[in-house]
Amino acid sequence: MKKLLGFLILAGVLLVSCSKEEAQVNQGNFDDKVVVNNNAGDLSSMFTVVDQPIVLNTSGLKATNNPPMLTLKGRFDSPVVNGAILSSSHVYYSASDPNYVYATFHARGEDYAGAVVVFDVSGLGVPTPISMMTFTKTDFNALTIGSIAGQDYIFLAGSNKAWGAIVIKTKLIDGYISQNFDDITYTKLNEGTLNPYAATNVASANSVSFVTRTGLPHYDVFVAAGFTNGAVYRYDAATMILREAQTVMPGAKFTTVIPVDPPKLLALQSGGTANGKVYCYDFDDTTWTLPMVPTATWPMNLGFSINHQYAAGAYDDAGKNTLFLRGDTMYVAAGKSGMKAYDVTTKALLYQAPFDMLSHGNTNGVSADTDYVYMANGEDGLYLGKVETYGPLTSVLSIVGYWDNSNVNGPAGQIASANMVTSTGTYIFVAKGVEAGFGGLAILAKP
C-alpha cells in the first residue's frame, strides 16, 4: 500500500511538471484566457544557455575598485502573448525560499497581457525555468510569495483590461504553478465598502507584499495601487477579503516588509511633482483585527520628486519605482533621481548613487548583497556600485562598472531597458524590455 501511495504521489508530481493546461476564465465581467505551462521542453526552448564572461564597461567612471568578472549564464526570452512580446517587469527572490526565483511580465503601452515564470536555482548549474502562467488580458507588475497553513501561494499585482487594478492568487506545488484553475482567486481592487475609491476605477496594482506574524495564524497581503486614485489596500491573504484601505495615497508605488516582530510595512509614494514620501505602519495588534497604525515620526519626506526623464508626457509619473530592504538599509529606486540608501531606523541618508550616473535612463529597481549594490537604470542598463566606508559616519557608493547601456553597447532601442534587478547572492536576475535578442530576463553569475 505504501509503495502504491508513493507511486501515486510521484505520478502526480510528474503530471504537474510535464504538462500544459489552459482555460477560459469568466467571473463576472472578468474574461481572460489562462495557460499554465509546466512542460520542461516548452520552457527550455525559451531559454538560451550562454555561459560567457562579461567585461563590465568602466568608461567615464571615477571608481578605483576593479569591476568583477561576471558571467552571462543565460537569457530567457520574453513570452509572446496575443502576438506581442512581453516586457519583464519584476523579479522576486527571498532567502527564506532560496530554491526559486519568480519573474513577472507585462505588455507595453495600452495593450494587456501578462505572465509569471518560476526558475529553479537550487542546483549548481544554470537556473532552470520550470513553470509559466500566461494571461491574455491582464498585465503583471509585481509579485510576492506567502505560505498559509503550510501551503505556498503566489500573489500577482497587475491590471486587467476590464477590471483595472487586480490581485491574482494561486497555489504553488513544489515550485510549480497549480494547473487546477479552481485554485486561482481574482480580486478587483475597487470593490468593497472599506475602499475609499469604491465608486471609481483604480487603474493598476503596482506592488504586493505578504505579511504574517510569528506564532499567530494571521496572514495579510498589502497592495500599492493607483496614481490619481491611489491607496494601500490590506487583504486577508487566506480569503482575499478587504480588511482596510485607510491610506489615501495618490502615487502609491511599492510596499515592502520590515521583518521584525511585530512586523512593519513600508510604502513608497511617488508624489508626482511634489516630494516623494515613504510611509511606515505598525502591527501591534495580536488579534490582527485593528487597523494598521502609522509609525511615530513617519512618513519620511524624501525631499525630491520621484518621476522619470525622457518618458512620454503622461508617463513621467507612471514609471517603475521600488524599495529594497537589506538589514537596516532601505534602498529607494527613485527614477531620474537615481538611487538613495537610508537607515530605516533613523531615516538618515547613508549614501547615494553619483549625481552624474544617469544619462537617458531612470533607476527602476535596486538590489544588494554582501558585495555590491545593483541598479536597474532603464536605458542606461545595469550599474554595479561598491560601498566604501571612511570612518564611522561616512560611506560613499562608487560605480565599479555597467552593462547593457544602449548608448554605449549599441544603438538606442537595440539593448533592452533594465526594468528590475534581484540578486540571490550567487545570481543576478535582470528584468529587461521587449527588444528581440536583448529583452526578456538576463541571468548573470558572480565569480
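Some points to look at:
- Candidate set from the range 256-289 (those that are more than 20 Å from the chain's Cα centre (by Cα) and part of a strand (DSSP E or B)); member that is nearest to Ser207 (Cα to Cα): Tyr281
- Some residue of the range 262-278 being over 24 Å from Ala341 (Cβ atoms), buried (at least 16 other Cβ atoms within 10 Å of the Cβ), touching a Gly at 6+ places or on another chain (Cβ under 9 Å) and touching a residue at least 12 places away in the same chain (Cβ under 8 Å): no
- Beta carbons closer than 9 Å, at least 6 apart along the sequence or on distinct chains, pair a first residue in the range 214-228 that is closer than 21 Å to Phe140 by Cβ and at pLDDT below 90 with a second that is assigned to a loop (DSSP other than H, G, I, E, B) and among the aromatic types (Phe, Trp, Tyr) for Gly226/Tyr197.
- Check on Ile177, surrounded by fewer than 23 Cβ atoms within 10 Å (Cβ to Cβ), under 20 Å from the mean Cα position of the chain (by Cα) and among the hydrophobic types (A, V, I, L, M, F, W, C): no
- Qualifying residues in the range 342-390 (those that are over 19 Å from Tyr427 (Cβ atoms), of a type in the set (D, E, K, R) and not in a strand (DSSP E or B)) - the one farthest from the chain's Cα centre (by Cα): Asp356
- Test set (1) free of Cβ contacts under 8 Å to residues at least 60 places away in the same chain; (2) over 30 Å from Thr389 (Cβ atoms); (3) assigned to a loop (DSSP other than H, G, I, E, B) - Gln52 fails condition number: (3)
- Test: residue in the range 49-62 that is within 29 Å of Lys169 (Cα to Cα), exposed (fewer than 12 other Cβ atoms within 10 Å of the Cβ) and modelled with pLDDT of 75 or more: no
- Total residues in the range 101-142 satisfying the condition of being under 21 Å from Leu72 (Cβ atoms), touching an Asp or Glu at 6+ places or on another chain (Cβ under 9 Å) and either without any contact (Cβ under 8 Å) to a residue 60 or more places away in the chain or assigned to a strand (DSSP E or B) (or both): the figure is 5.
- Only a single item in (1) more than 24 Å from the chain's Cα centre (by Cα); (2) of a type in the set (S, T, N, Q); (3) within 21 Å of Lys446 (Cβ to Cβ) is not met by Ser395, and it is number (3).
- Only one of the listed residues (Val91, Val118) is among the hydrophobic types (A, V, I, L, M, F, W, C) and within 19 Å of Ser178 (Cα to Cα). That residue is Val118.
- Checked against (1) over 23 Å from the mean Cα position of the chain (by Cα); (2) among the hydroxyl-bearing types (Ser, Thr, Tyr); (3) modelled with pLDDT under 90, Ser417 passes all but a single condition, namely (1).
- Of all residues making up the range 221-236, the number that are surrounded by 24 or more Cβ atoms within 10 Å (Cβ to Cβ) and more than 20 Å from Asn201 (Cα to Cα): 1
The values are calculated or read from the model by the stated rules, or taken from the named source; none is laboratory data. Predicted model only: the values in this text are computed from it and were never measured. Please note: Cβ atoms are built from the backbone with ideal geometry, for glycine as well, and neighbour counts cover all protein chains shown.
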